[in-house]
1. Can Ala56 be described as outside any loop (DSSP other than H, G, I, E, B) and modelled with pLDDT under 70?
2. Could you grab the pairs with beta carbons closer than 8 Å, sequence gap of 6+ or different chains, first residue in segment 166-182 and more than 18 Å from Val120 (Cβ to Cβ) and among the β-branched types (Val, Ile, Thr), second one modelled with pLDDT under 95 and surrounded by 15 or more Cβ atoms within 10 Å (Cβ to Cβ)?
3. Scan segment 88-98 and give yes if some residue there is farther than 15 Å from Lys156 by Cα, touching a residue at least 40 places away in the same chain (Cβ under 8 Å), more than 25 Å from the chain's Cα centre (by Cα) and surrounded by 13 or more Cβ atoms within 10 Å (Cβ to Cβ), otherwise no.
4. Hey, any hits in segment 108-117 for a residue that's farther than 17 Å from Leu172 by Cα, open to solvent by less than 90 Å² (accessible area, probe 1.4 Å) and in a helix (DSSP H, G or I)?
5. Considering Leu121, Leu133, Leu75, Leu93, which residue is in contact with a Phe, Trp or Tyr (Cβ under 6 Å, 6 or more places away or on another chain) and at negative phi?
6. Restrict the check to segment 9-24 and report whether at least one residue is open to solvent by less than 90 Å² (accessible area, probe 1.4 Å), out of contact with any Ser or Thr (no Cβ under 7 Å at 6 or more places or on another chain), part of a helix (DSSP H, G or I) and at pLDDT 75 or above.
7. Could we say that Val160 is part of a helix (DSSP H, G or I) and open to solvent by less than 20 Å² (accessible area, probe 1.4 Å) here?
8. Looking at Glu173, Glu181, Glu167, which is the one that is under 21 Å from the mean Cα position of the chain (by Cα), modelled with pLDDT under 95 and open to solvent by 50 Å² or more (accessible area, probe 1.4 Å)?
Amino acid sequence: MSIDNITAKIVSDATEYAEELISAAKQEAAEITAQALKEADSIRVLMSERASKDAASVKHRKNSVAELEARKMRLSAKQAAVANVVVAAIDHLADMKPEQYIAFLVGKIAEIGMKDGQIVLNAKDKAAVGEDLVKAANKALDGGNLTLSEQTINMKGGFVLKHGALEINSGLETMVNALKEGATPEIVAVLFQNHEDKYEKV
């Protein structure tokens, strides 16, 4: 075989081998590209699902916070309404006609049952009904010996009954607030009767 033939054979073999390498490289590149695209799609799906879950979680948290704030606001509104009713009740008692007011206070003094001691009133009540209250109370107690104190007390109305070191506070504020807890459900039912299914209990 001549030199030319040998050279041609070597070139032919090298060319064939190079083409095989190029073809294999192209095949491998195509497989790698396909696998990369497949993995990219999987990552996109995963990230989309995660984003949806995160969005749902954020929405749920926001809804929970909003509902909690709404409940707080409703509860605050109900508490304020009850407080206003309590204030109105105290004002109503304090503004009763003298004969009704005296009868009311005498009933409370009779409930206590203390026949000896001093009745302490605020300055307004002392001047307006003090003496009449003492007379009516002693009569109701059947031989009571209560007297009107020279002192006055800073309260909306009602009285403080003193006997020695003993003091019984029956001020209007004290009496009404003592009833507040038990009366609150009834007050709420009246004020929110058309909305009770929307409001939590106080």
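The values are calculated or read from the model by the stated rules, or taken from the named source; none is laboratory data. None of the values given here were measured: they were computed from a predicted structure. Every residue, glycine as well, gets a Cβ built from its backbone with ideal geometry; the counts of neighbours run over all protein chains shown. What goes into the accessible areas is simple: the full protein's heavy atoms, side chains included, and nothing from ligands, DNA or RNA. Shrake-Rupley method; radii C 1.70, N 1.55, O 1.52, S 1.80 Å.
1. On the way: outside any loop (DSSP other than H, G, I, E, B): yes; modelled with pLDDT under 70: no.
The answer is no for Ala56.
2. Val176/Val86; Val176/Ala89; Val176/Ile90; Val176/Leu93
3. Checking segment 88-98: not a single residue is farther than 15 Å from Lys156 by Cα, touching a residue at least 40 places away in the same chain (Cβ under 8 Å), more than 25 Å from the chain's Cα centre (by Cα) and surrounded by 13 or more Cβ atoms within 10 Å (Cβ to Cβ).
4. no
5. Working: Leu133 fails: in contact with a Phe, Trp or Tyr (Cβ under 6 Å, 6 or more places away or on another chain); Leu75 fails: in contact with a Phe, Trp or Tyr (Cβ under 6 Å, 6 or more places away or on another chain); Leu93 fails: in contact with a Phe, Trp or Tyr (Cβ under 6 Å, 6 or more places away or on another chain).
Result: Leu121 is the single residue among Leu121, Leu133, Leu75, Leu93 that is in contact with a Phe, Trp or Tyr (Cβ under 6 Å, 6 or more places away or on another chain) and at negative phi.
6. There is no residue in segment 9-24 that is open to solvent by less than 90 Å² (accessible area, probe 1.4 Å), out of contact with any Ser or Thr (no Cβ under 7 Å at 6 or more places or on another chain), part of a helix (DSSP H, G or I) and at pLDDT 75 or above.
7. Working: part of a helix (DSSP H, G or I): no; open to solvent by less than 20 Å² (accessible area, probe 1.4 Å): yes.
For Val160, the condition - part of a helix (DSSP H, G or I) and open to solvent by less than 20 Å² (accessible area, probe 1.4 Å) - is not met.
8. Details: Glu173 fails: under 21 Å from the mean Cα position of the chain (by Cα); Glu167 fails: under 21 Å from the mean Cα position of the chain (by Cα).
Checking each option against the conditions leaves just Glu181.
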